[in-house]
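Right, one structure below, let's go through it.
The values are calculated or read from the model by the stated rules, or taken from the named source; none is laboratory data. Just so we're clear, the structure is a prediction, and the values are computed from it rather than from any experiment. Positions of Cβ are generated from backbone atoms using ideal geometry, with glycine treated the same way; all protein chains shown enter the neighbour counts.
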Amino acid sequence: MEKLEKGPSIATGKTKEIFAIVGQDDEVIVRNKKDITALDDANRTRQFGSKAVCATTTTCNVFELLNACGVPTAYVGRYSETEFIMKKSKMIPLEVVARRRAVGSYLMRHPEMKTANATEPKRFHRLEVEFFLKTTGGNFGTLFSGLTDSVGKKIDDPLIINPRGEKWHLIHSKEPAWTNEAVISVTNIAPQVTPQQIDQMEEITRQAFLVLEKAWAVLGLDLIDFKIEFDDQLRISDVVDNDSWRLWLNGEQLDKQLFRDQGEAALGKIEENYQLVAMLSERLRLPKQALVFWRGSDKDQLPKDIPSVPGVKNINVIKSGHKGTVQSMEELDRIIADYPQGGAIVCSVGRSDGLGPILAAHTSWSVVVCPSTLKEFPNDIWSSIMMPSGVPLLTAWPESNAFAAAVGILSQTNPAAYMQLQLAREKQDNLIA
């Protein structure tokens with residue numbers, strides 16, 4: 001990152017400070033602080049030495065992965081071990097939360113979802129996405145001040161029941177909606193964004209969560225939920241670090257929840273966890289993979305829509321398995337050597353399938369064959385199915401299904417591929433419901 005001249009401080013918050021950049025109007029420098037907060041209670045704020053470094057490391061690695069996967073963010077790059085550069089913009093006063101499991105405030109609002117084992121909370125097949133109005137000290141600009149609950153206690157960040165409605169109906173974020181305790185002093189306000197913007201923010205939130213869910217899963221961790229914020233350009237902005245989510249390792253909480261539960265007494269363990277997450281975040285990267293479309297002849301047509309996946313190189317090969325077996329093996333070895341992090345091969349073949357079985361017998365990569373002459377000659381499929389032992393050739397038809405199978409295989413280690421497939425599945429499930 002080019003060394004820029006830091007200007008004056010233009011804003012400060014509980015855990016970060018924002019600086020202007022001399023000679024630039026469209027970017028700012030964000031500096032993380034050593035502070036860790038809990039439950040919007042200033043009296044519970046504490047510090048630990050490596051907090052700013054951990055927060056910056058994690059945030060930068062997360063944003064770099066999201067950018068690589070095509071998720072819109074305002075992130076530009078690292079500036080120092082405790083600072084990073086973001087596009088300058090106006091923040092939308094919302095916190096958007098995506099949940100894979102029913103924990104935290106969601107479980108408080110839905111006690112009926114409590115499970116017998118707290119380390120195995122209910123899992124949502126389709127992500128739950130919620131919108132909260134971001135307030136400070138119970139205040140929201142000039143619209144209202146001193147937001148309180150049913151007993152007069154100040155609260156922050158109420159839940160918006162229907163963010164696409166003509167009015168935003170607000171309720172307590174930690175009480176069941178059907179109880180008197182859920183009632184707060186301000187119940188309805190004018191929407192701050194349009195329904196279309198809500199749709200876009202929800203879509204981006206789902207994309208970002210799915211990318212991070214798979215990236216952490218590859219490292220053996222479970223992303224339980226996270227919260228993010230958007231700027232007025234509908235880009236993920238602010239920070240996304242270990243304060244922003246629940247992240248579990250075999251049921252152990254590595255995030256800020258331990259500080260919420262135990263406070264200062266657990267600061268030593270909390271710092272260890274934050275350092276571990278920051279270190280592991282350095283491995284949040286897209287793998288270098290290949291999606292090979294292999295034809296036996298140049299007479300076989302290229303498909304119209306070969307999937308484009310970040311981190312995956314599309315390779316087109318024309319070599320006959322029957323007539324050029326040696327040359328096919330040499331080409332296969334070259335590709336495997338160039339992509340040690342793996343890939344998948346889709347074969348389009350007609351008549352007797354020699355190509356698919358030969359490739360499948362000589363690589364650990366998954367090979368998916370599509371019998372291109374299936375309509376005209378249905379019996380051709382048997383040469384792609386009747387395989388000897390130890391030759392796990394997959395057969396799919398039409399080509400779109402063959403490619404979907406290949407991308408599904410890549411998605412086991414590629415967060416972008418997982419995001420594309422899972423997002424489509426969850427949209428489909430929502431329509432069915």
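Name the one entry in GLU181, GLU175 that is more than 25 Å from ARG235 (Cβ to Cβ), acidic (Asp, Glu) and in a loop (DSSP other than H, G, I, E, B). Spell out how you get there, then give the answer.
Numbers: GLU181 fails: in a loop (DSSP other than H, G, I, E, B).
Of GLU181, GLU175, the one residue that is more than 25 Å from ARG235 (Cβ to Cβ), acidic (Asp, Glu) and in a loop (DSSP other than H, G, I, E, B) is GLU175.
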- prompt: Going by the conditions given, is PHE377 over 23 Å from ALA290 (Cβ atoms) and of a type in the set (Phe, Trp, Tyr)?
  reply: yes
task: Output the residues belonging to the stretch 1-28 that are farther than 18 Å from ASP238 by Cα, part of a loop (DSSP other than H, G, I, E, B) and either in contact with an Asp or Glu (Cβ under 6 Å, 6 or more places away or on another chain) or not basic (Lys, Arg) (or both).
output: MET1, GLU2, LEU4, GLU5, VAL22, GLY23
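Filter the stretch 246-264 down to residues that are part of a helix (DSSP H, G or I) and acidic (Asp, Glu), then give me how many there are.
The first filter runs over the stretch 246-264 and keeps only residues part of a helix (DSSP H, G or I), leaving 257-264.
Subset that is acidic (Asp, Glu): 261, 264.
Total satisfying the criteria: 2.
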- request: Look at the stretch 64-95 and say how many of its residues are within 21 Å of the chain's Cα centre (by Cα), of a type in the set (D, E, K, R) and in a strand (DSSP E or B).
  value: 3
Top-ranked residue in the stretch 277-326 [being out of contact with any helix residue (DSSP H, G or I) (no Cβ under 9 Å at 6 or more places or on another chain) and among the hydroxyl-bearing types (Ser, Thr, Tyr); ranked as farthest from LEU212 (Cα to Cα)]: SER297
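Name every residue in the stretch 96-130 that is assigned to a strand (DSSP E or B) and surrounded by fewer than 21 Cβ atoms within 10 Å (Cβ to Cβ), in order of residue number.
Narrowing the stretch 96-130 to residues assigned to a strand (DSSP E or B): 96-101, 123-130.
Correct list: ARG123, PHE124, HIS125, ARG126, LEU127, GLU128, VAL129.
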query: Out of the stretch 79-94, which residues are surrounded by fewer than 19 Cβ atoms within 10 Å (Cβ to Cβ) and under 21 Å from PHE226 (Cα atoms)?
result: MET91, PRO93
- prompt: If ASP225 passes every condition in (1) surrounded by fewer than 22 Cβ atoms within 10 Å (Cβ to Cβ); (2) among the acidic types (Asp, Glu); (3) under 16 Å from the mean Cα position of the chain (by Cα); (4) closer than 24 Å to ALA55 by Cα but one, which one does it miss?
  reply: (1)
task: Answer yes or no as to whether LEU65 is touching a residue at least 12 places away in the same chain (Cβ under 8 Å), in contact with a Lys or Arg (Cβ under 8 Å, 6 or more places away or on another chain) and over 30 Å from ASN162 (Cα atoms).
output: yes
- prompt: Looking only at the stretch 265-295, which residues are farther than 23 Å from ILE409 by Cα and not in a helix (DSSP H, G or I)?
  reply: GLU282
- line: Per the list (1) of a type outside the set (Lys, Arg); (2) over 15 Å from LEU133 (Cβ atoms); (3) outside any helix (DSSP H, G or I), residue check on ILE204 breaks on (3)
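Considering each of ASP298, ASP305, ASP333 in turn, give the residue that is in contact (Cβ under 8 Å) with a residue 40 or more places away in the chain and either closer than 30 Å to VAL53 by Cβ or surrounded by fewer than 18 Cβ atoms within 10 Å (Cβ to Cβ) (or both). Can you show your working first?
Values: ASP298 fails: in contact (Cβ under 8 Å) with a residue 40 or more places away in the chain; ASP333 fails: in contact (Cβ under 8 Å) with a residue 40 or more places away in the chain.
ASP305 is the lone residue from the list that is in contact (Cβ under 8 Å) with a residue 40 or more places away in the chain and either closer than 30 Å to VAL53 by Cβ or surrounded by fewer than 18 Cβ atoms within 10 Å (Cβ to Cβ) (or both).
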query: Within the stretch 355-401, can you find the residues that are surrounded by fewer than 19 Cβ atoms within 10 Å (Cβ to Cβ) and either in contact with a Gly (Cβ under 6 Å, 6 or more places away or on another chain) or within 18 Å of GLN327 (Cβ to Cβ) (or both)?
result: ALA361, HIS362, THR363, THR373
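So which residues in the stretch 152-166 are surrounded by 13 or more Cβ atoms within 10 Å (Cβ to Cβ) and either in a loop (DSSP other than H, G, I, E, B) or aromatic (Phe, Trp, Tyr) (or both)? Outline the logic, then answer.
At the first step, the residues of the stretch 152-166 found to be surrounded by 13 or more Cβ atoms within 10 Å (Cβ to Cβ) are 154-165.
Within the stretch 152-166, ILE155, ASP156, ASP157, PRO158, ILE161, ASN162, PRO163, ARG164, GLY165 meet the criteria.
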task: Quick one: which residue in LEU210, LEU254, LEU267, LEU234 is modelled with pLDDT under 95, assigned by TED's automatic domain parsing to the domain that holds LYS51, among the aliphatic types (A, V, I, L, M) and more than 15 Å from THR58 (Cβ to Cβ)?
output: LEU267
Selection from the stretch 223-245 of residues that are touching a Lys or Arg at 6+ places or on another chain (Cβ under 8 Å) and over 18 Å from ASN32 (Cα atoms): LEU223, ILE224, ASP225, PHE226, ASP231, ASP232, GLN233, ARG235
